[in-house]
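This report concerns only the one structure given below.
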Amino acid sequence: MYGLVDCNNFYASCERVFNPSLNGVPIVVLSNNDGCVIARSNEAKLLGIPMGEPAFKMKELIDSNQVVVFSSNYTLYGDMSNRVMKTLSTFVPSMEIYSIDEAFLHLNGFEHLDLDVFGRKIVRITTKNTGIPVSMGIASTKTLAKMASKYAKKYKGYQGVCVIDTEEKRIKALQKFDINDVWGVGRSYAKLMNDHGIHTAYDLTQRTKSWVRKNMTVVGERMWNELQGIACIEMDSTFAVKKQICTSRSFGTKLTEFHDIFEAVSNHAASCATKLRCQKSCAAGMLVFIMTNPFAEYDPQYVNSKHLFLSVPTNNTPEIIQYAKSLLQDIYKPGYAYKKAGVIITEIIPNSPLQADLFDTIDRGKQDKLLKVIDGLNGGLGSNMVRIASQGYSKKWKLKNEKQSKRYTTKLSEIIEVKADDLDV
DNA sequence: TCTGGGGTCCTAGGACCC
DNA sequence: TCTGGGGTCCTAGGACCC
């Protein structure tokens, strides 16, 4: 059996933990740059504020209902996530952290327990220990567990836990479940389902396996099996090394000058390099992209990217910034109002053993020592305390986050970052 | 006129997730 | 005025191998 534990309205709940006066008050959390609504408290959902909606379109609704608005605070959410996961890990020998606010628990070996009771204990203690309300779905496959967790959230009577452990319950759950809410059904499959008169999860299970295979490939076939109670999606508790690493941001304002955009790209490249070192990897290929604002219909549009294979794979910050600079130089064209830039590491390999270059001019041993010291300093004092000059301090590219809450869980670095700004002067 | 069989690897594009 | 960011997996088709 699989259990899926899912935090309720996670980002909104994180904000509430440190500001209990917000209980019962509608809250929304905005994406980077204060762009779109990415989390809503139940009260905000009831007001009809949709997920993913641009904030400016919701302004009237937000103002007239005194909705409290937050810019996203990922440092805080990441930290709260760690607390939740740590608590969950005390209940089972094996779990898989599926996203910032969800984890699958492996329940094999717990058959002797009343899973309903066990689930409620997990929900109760996790909420008590962290302040974050959670729900749990339990079933014989991951897809059914996801479904169960939605029921647990939707109906108060479940007390936070829904268990699908009999054929009767499975069929009933499938029949009442909108096909659009099934794990793995996105926009395009939703249309396909609609076109074929499939409205519930049950309807899909009534199609033949070959129909599903033909119209939805092997992905759909797995989904079909999972809904029937045949597990196809295994637990994966191993730490997964990323196959692709990307850092990109929209700018707070439009930028036209090369050096302003390069400052942003430098920071994105540095962040990619740090992420590479964190997972003990090197970049063997990378890509830089820039784009104008696609929503500004009447502005001239320009989107471009360029890819590069590295002769010696590296995770060295200055080196990666240099490559990024030359790529940016190749694609930058003056005269456009740029809105977004990003760096993507496309080919990732382990940092050891590494194929060296006979004619390499860089003393990599020495560089590695330097980077270790920099990572150590930044880890203790706050990220980017020590930085490459081209990363700059102009902050012209910095995004809007006018309504960010405090860094309640990571105060030390906050204090030191203030000092860093003083030093900058 | 007639032109094999069995593979691997890579990429772009499309689908999905949170 | 204002529209996020970071990932994974699958498939078809092309290039190549023997």
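A compact table of results
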| read-out | value |
| --- | --- |
| Verdict on residue A:84 being modelled with pLDDT of 95 or more, part of a strand (DSSP E or B), under 18 Å from the mean Cα position of the chain (by Cα) and within 16 Å of DNA strand B (Cβ to nearest atom) | no |
| Pairs, first more than 13 Å from DNA strand B (Cβ to nearest atom) in region A:295-309, second in a loop (DSSP other than H, G, I, E, B), C-beta under 6 Å, six or more apart | A:299/A:337; A:302/A:336 |
| Residue check, residue A:67 farther than 16 Å from residue A:5 by Cβ, surrounded by 20 or more Cβ atoms within 10 Å (Cβ to Cβ) and of a type in the set (A, V, I, L, M) | yes |
| Residue that is nearest to DNA strand C (Cβ to nearest atom), among those in region A:175-189 that are aliphatic (A, V, I, L, M) and either in contact with an Asp or Glu (Cβ under 8 Å, 6 or more places away or on another chain) or more than 8 Å from residue A:147 (Cα to Cα) (or both) | A:185 |
| Members of region A:15-30 that are without any contact (Cβ under 8 Å) to a residue 60 or more places away in the chain, within 16 Å of DNA strand C (Cβ to nearest atom) and within 21 Å of residue A:410 (Cβ to Cβ) | A:29 |
| Filter result for the condition that a residue is within 15 Å of DNA strand C (Cβ to nearest atom) and on the phi < 0 side of the Ramachandran plot, over A:80, A:147, A:58, A:136 | A:58 |
| Cβ-Cβ under 6 Å pairs, at least 6 apart or on other chains, region A:340-357 side within 22 Å of residue A:368 (Cα to Cα), far side more than 9 Å from DNA strand C (Cβ to nearest atom) and in a loop (DSSP other than H, G, I, E, B) | A:351/A:280 |
| Residue satisfying all of: in region A:21-51; within 16 Å of DNA strand B (Cβ to nearest atom) and of a type in the set (D, E, K, R); farthest from residue A:131 (Cα to Cα) among these | A:45 |
| Single residue of region A:377-408 satisfying the filter (over 25 Å from the mean Cα position of the chain (by Cα) and assigned to a helix (DSSP H, G or I)) that is modelled with the lowest pLDDT | A:377 |
| Any hit, region A:191-210, residues being within 26 Å of residue A:13 (Cβ to Cβ) and within 16 Å of DNA strand C (Cβ to nearest atom) | no |
| Residue ID - surrounded by the most Cβ atoms within 10 Å (Cβ to Cβ), chosen from residues in region A:3-14 that are part of a helix (DSSP H, G or I) and within 16 Å of DNA strand C (Cβ to nearest atom) | A:14 |
| Qualifying positions in region A:370-394 - charged (D, E, K, R) and either in contact with a Lys or Arg (Cβ under 9 Å, 6 or more places away or on another chain) or exposed (fewer than 11 other Cβ atoms within 10 Å of the Cβ) (or both) | A:372, A:375 |
| Total residues in region A:47-72, condition in a helix (DSSP H, G or I) and of a type in the set (Asp, Glu) | 2 |
| Residues being of a type in the set (Asp, Glu) and within 13 Å of DNA strand B (Cβ to nearest atom) - total across region A:4-20 | 1 |
| Number of positions in region A:18-62 that are more than 19 Å from the chain's Cα centre (by Cα), among the hydrophobic types (A, V, I, L, M, F, W, C) and either surrounded by fewer than 17 Cβ atoms within 10 Å (Cβ to Cβ) or farther than 21 Å from residue A:126 by Cα (or both) | 12 |
| Residues of region A:230-283 classified as within 16 Å of DNA strand B (Cβ to nearest atom), within 19 Å of the chain's Cα centre (by Cα), over 17 Å from residue A:392 (Cβ atoms) and of a type in the set (Val, Ile, Thr), total | 1 |
| Test result for residue A:197, more than 16 Å from DNA strand B (Cβ to nearest atom), free of Cβ contacts under 8 Å to residues at least 60 places away in the same chain and more than 21 Å from the chain's Cα centre (by Cα) | yes |
| Whichever residue in region A:33-54 is touching a residue at least 40 places away in the same chain (Cβ under 8 Å) and touching a Lys or Arg at 6+ places or on another chain (Cβ under 7 Å) and, among such residues, is nearest to DNA strand C (Cβ to nearest atom) | A:33 |
| Evaluation of residue A:238 against (1) exposed (fewer than 12 other Cβ atoms within 10 Å of the Cβ); (2) in contact (Cβ under 8 Å) with a residue 12 or more places away in the chain; (3) within 12 Å of DNA strand C (Cβ to nearest atom) (one fails), failing number | (2) |
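The values are calculated or read from the model by the stated rules, or taken from the named source; none is laboratory data. Every value quoted in this text rests on a predicted model; they were computed, and no experiment measured them. Positions of Cβ are backbone-derived with ideal geometry, glycine not excepted, and every protein chain shown enters the neighbour counts.
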